[in-house]
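Data first, discussion second: the structure below is written as C-alpha cells.
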Amino acid sequence: MNVAIVVAAGSGTRLGGNRPKQFLELGGIPIIIHALRQFERCPGINEIVTVLPAEETAGFSSQAKKFGLRKLSLVVAGGQTRAQSVQRGLAAITEAEIVAVHDGVRPFVTPAEIERVVQAARTSGAAVLVAPVADTIKEVTGNRIVRTVPRNNLRRALTPQCFRFEILKRAYEALDQTEADGIEVTDESFLVERLGVEIVAVEGSARNIKITREEDLALAETLLKSVVRGQ
C-alpha cells in the first residue's frame, strides 16, 4: 500500500488575507482540493493523509467527500514547522510500502508525475520530483557576487518526494535533534540525505508551482485556464 501525506498546515501569511493560502479558491475550488484530486486520480496511491492547521481539521473529511475524494483516510493537525507537520502525518501511518509527501499548495502536479516518483522510489528506495533551474545562479557574500554557479547539474526540488516507509521513519527520528541544533529542515530529502541514502531525481514540469505569494496565485489562475483548455 502506498500512502500520500499532503501537507497544508501553514498559516499562509505571505499571501495575506484572513484564510490560510491552501484554502483560497482557484477556479472556485480550494487550492488544497486541487492538490488532493491529483493523488485521488493516481492509481499508485491507495490512501491520503492530510495535515492541516488544528482549527481547520474539523469537518474537512466531509468537505473532501463532496469533491469526490475517497482516498482521504485521515486528517491530522500540523506542528509548528513544516517538518513537524510531516512528522505528525508520518506518525499517523501504521503500514505502507511507499510514502509520498506533497505540498498542499502545489495544485498542478499531475497523476503521471506522482506515479513516476512512486515507481522510482519503489525501485530505489527514495525519489524526488525535480525541475531544471532556468535562471543564472550567483553565489553572494554580503552584497557582493562571489561567482556564477554552473547550473547544468542544478535542479529545483519539487514535490512529491517519495520514500520507502522505513527509510522516511528512520530519517525523521533525527528531526528533533536536527531542529534543536538550529538546522532548518526544508524538505524530506534533506533528512534522508543525512542518512546517506541515494535519492533518484525524477524530472518534472516547471508548471508544478508552489503558491506562496500573490503573484503565484495570479500565475496559478492562468495555468488553470490552460489546463482546462487542454482537457
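The values are calculated or read from the model by the stated rules, or taken from the named source; none is laboratory data. Worth saying up front: this structure is predicted, and the values here are computed from it rather than measured. All Cβ positions, even for glycine, are placed from backbone atoms using ideal geometry, and neighbour counts span all protein chains on display. The protein model used for the area step is the full one, side chains on, heavy atoms only, and it has no ligands, DNA or RNA in it. Shrake-Rupley method; radii C 1.70, N 1.55, O 1.52, S 1.80 Å.
Points to keep in mind about this one:
- Residue-by-residue Karplus 3J(HN,Hα) for region 184-189, coefficients 6.51, -1.76, 1.60, Hz, glycine and proline x: 7, 9, 8, 7, 5, 5
- Amide H contacts of Leu72 (H built 1.01 Å from N, in plane; Pro and chain starts excluded): Ile48 sit under 5 Å, all sequence-distant by 5 or more or on other chains.
- Evaluated at q = 0.08, 0.11, 0.14 Å⁻¹: base-10 log I(q)/I(0), Debye formula over Cα of the chain: -0.29, -0.55, -0.91
- From phi via Karplus (6.51, -1.76, 1.60), per-residue ³J(HN,Hα) for region 195-203 in Hz, x at Gly/Pro: 7, x, 7, 6, 10, 8, 8, 10, 5
- At q = 0.18, 0.19, 0.28 Å⁻¹, base-10 log of I(q)/I(0) for region 99-155 (Debye sum, equal scatterers on each alpha carbon): -0.78, -0.81, -1.12
- Carbon/sulfur fraction of accessible area - the chain, other protein chains in place, 1.4 Å, %: 48
- Rolling a 1.4 Å probe across the protein heavy atoms gives the chain an accessible surface of 51 Å² per residue.
- In the chain, Cα pairs under 8 Å separated by at least six residues give a relative contact order of 23 percent.
- Here the label points at Ser61 and Ser205, each 7 Å from Cα along the C-beta direction, are separated by 3.3 nm in the simple model.
- For GluC sites (Glu not before Pro), the sites in region 112-186 that DSSP calls loop and that have at most 15 other Cβ atoms within 10 Å are Glu173, Glu184.
- Extreme residue, positive dipole direction of the chain, given options Leu191, Ile209, Asn2 (C-beta unit charges): Ile209
- Each Cα pair under 8 Å and six or more residues apart adds its separation to the average, and for region 43-88 the resulting relative contact order is 45 percent.
- Taking the chain as the region of interest, the number of lysine pairs whose Cα atoms are within less than 26 Å, with members eight or more places apart or on different chains, is 14.
- Sequence of Val197, Val86 from largest to smallest accessible area, 1.4 Å probe: Val197, Val86
- Helix-derived mean residue ellipticity, 222 nm - over the chain, DSSP H n ≥ 4, -39500 (n - 2.57), to 500: -10000 deg cm²/dmol
- Percentage relative contact order, region 1-99, counting C-alpha pairs under 8 Å, at least six apart: 37
- Potential extension, Asn153-Val133 segment - 0.36 nm per residue separation minus Cα distance: 6.3 nm
- Distance between modelled label sites at Glu179 and Arg194, nm, 7 Å Cα→Cβ extension: 1.2
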